[in-house]
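The values are calculated or read from the model by the stated rules, or taken from the named source; none is laboratory data. Source: prediction; values computed, not measured. Glycine gets a Cβ as well: all are built from the backbone with ideal geometry, and neighbour counts include every protein chain shown.
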Amino acid sequence: MTLPHLPTRAETPMAFIAAMVKAYERRGMDPRQALEKAQITPSMLRKPGARVTALQMEWMSEAAMRELDDEALGWFRRRLPWGSYGLLVRASLTAPTLGVAMARWCRHHNLLTDDIQLTLTSAEGLAHVVLQEQVDLQDFREFCTVSVLRNALGVACWLTDSRIPLASTHLHFAPPAHEDSYRVLFDGPSHFNAPVSRLSFDAGYLQLPLRRDEAALQRMLQRALLLTVRPYRRDRLLVEKVRQALAEHPELVRNADDLAASLNLSSRTLHRQLSEEGASLQQLKDSVRQERARSLLLRTAKPLKLIAAEVGFQNEKSFIRAFKNWTGQSPEAFRTGFAS
């Protein structure tokens, strides 16, 4: 079988492949078939400082997980059978916010193995996913720590459809020979010889709502390794901050400069960053206005003139016109339809 050419740069340390090979050896199994699938030769495996591509890492990891029937790839004393990490995500899927989802994910991970303990904490504006060893992981310490933390981050990004940038990463081991790979493994600064291992990011992300459902989970699980092997790209934190600001301060709807200032941004930067996140200020204004208008129409008996003012319109006519564009019916018809 001819395997495809590998177009990406080789940035992943060969040490992680070597750890998987050690897991095979501990189980008395032969890793050659998995290594062949990943296009990794024995000479490459022995070469100090060698690297593999993200695609090779994905191929090797998937083959090893299936052959060893262990999604933990030998890190723990007890195997984690195929599907274990999918169950963790499914158990978190119904959480109202990322903070609740990740606390649940950590708690359930601790039920799968007591070799490590995961906790979610926050302080001084930063959230921390903390990994503490409960037993000596020995040769698997680095590979386990990097993989579990990257998986936790990948799950958080996937659940919120967001790219969550890291403020810092602390690691409970000495700088390895391939230390320079950590600029790719984790964005932000990495610190070694830390008391415990942890990822740190803006705690604001913990308030994001989840944007995935069971159907999305089924699709994701077909390529779940991408959560760990490749970085996620979109960032929706600013979108949510704008939504919140507009909902809490409707007067900001009328003036983009005031809205940007409330977020410590220039108007130009606000528009640019929203565009990078796949959104526009006008879309967000319309969305927040519509949600507020629907709520007021259904929950209050306020006249349209007052509702128009509360959702940021200068007069009743412009509000009625906009509401018809949003819903296909007038505000009065909308209110009457739900009351009947």
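Figures for the structure shown
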item: Any hit, segment 327-334, residues being closer than 25 Å to Val239 by Cβ and hydrophobic (A, V, I, L, M, F, W, C); result: no
item: Filtered residues of segment 239-250 (kept if at pLDDT 80 or above and within 15 Å of Pro209 (Cβ to Cβ)); result: Lys241, Val242, Arg243, Gln244, Ala247
item: Unmet requirement for Leu284, which otherwise passes all of (1) closer than 24 Å to Ile320 by Cβ; (2) loosely packed, with under 15 Cβ neighbours inside 10 Å; (3) modelled with pLDDT of 85 or more; result: (2)
item: Pair list, Cβ under 7 Å, 6 or more apart: segment 10-39 residue farther than 17 Å from Glu71 by Cβ and among the acidic types (Asp, Glu), other residue at pLDDT below 95 and not in a helix (DSSP H, G or I); result: Glu11/Arg51
item: So Leu281, is it closer than 25 Å to Gly337 by Cβ and not assigned by TED's automatic domain parsing to the domain that holds Ser162; result: no
item: Identity of the residue in segment 295-340, among the acidic types (Asp, Glu) and touching a residue at least 24 places away in the same chain (Cβ under 8 Å), that ends up surrounded by the most Cβ atoms within 10 Å (Cβ to Cβ); result: Glu310
item: Residue list for segment 110-131, restricted to those being within 17 Å of Arg78 (Cα to Cα) and out of contact with any Ser or Thr (no Cβ under 9 Å at 6 or more places or on another chain); result: Leu111, Thr113, Asp114, Asp115, Gln117, Leu118
item: Residues of segment 52-75 satisfying the condition of being over 23 Å from Arg219 (Cα atoms) and surrounded by fewer than 21 Cβ atoms within 10 Å (Cβ to Cβ); result: Thr53
item: Hits in segment 279-321 (condition: in a loop (DSSP other than H, G, I, E, B) and of a type in the set (Lys, Arg)); result: Lys302
item: Single match in Arg141, Arg163, Arg183, Arg150 (criterion: under 22 Å from Tyr85 (Cα atoms) and either in contact with a Pro (Cβ under 7 Å, 6 or more places away or on another chain) or free of Cβ contacts under 8 Å to residues at least 40 places away in the same chain (or both)); result: Arg141
item: Any hit, segment 86-93, residues being part of a helix (DSSP H, G or I) and over 16 Å from Glu214 (Cβ atoms); result: no
item: Members of segment 131-147 that are surrounded by 20 or more Cβ atoms within 10 Å (Cβ to Cβ) and in contact with a strand residue (DSSP E or B) (Cβ under 6 Å, 6 or more places away or on another chain); result: Leu131, Thr145
item: Count - residues of segment 149-181 that are part of a helix (DSSP H, G or I) and surrounded by 19 or more Cβ atoms within 10 Å (Cβ to Cβ); result: 13
item: Tally of residues being within 30 Å of the chain's Cα centre (by Cα), small (Gly, Ala, Ser) and under 22 Å from Leu137 (Cα atoms) across segment 17-48; result: 3
item: Total residues in segment 252-286, condition touching a residue at least 12 places away in the same chain (Cβ under 8 Å) and among the β-branched types (Val, Ile, Thr); result: 1
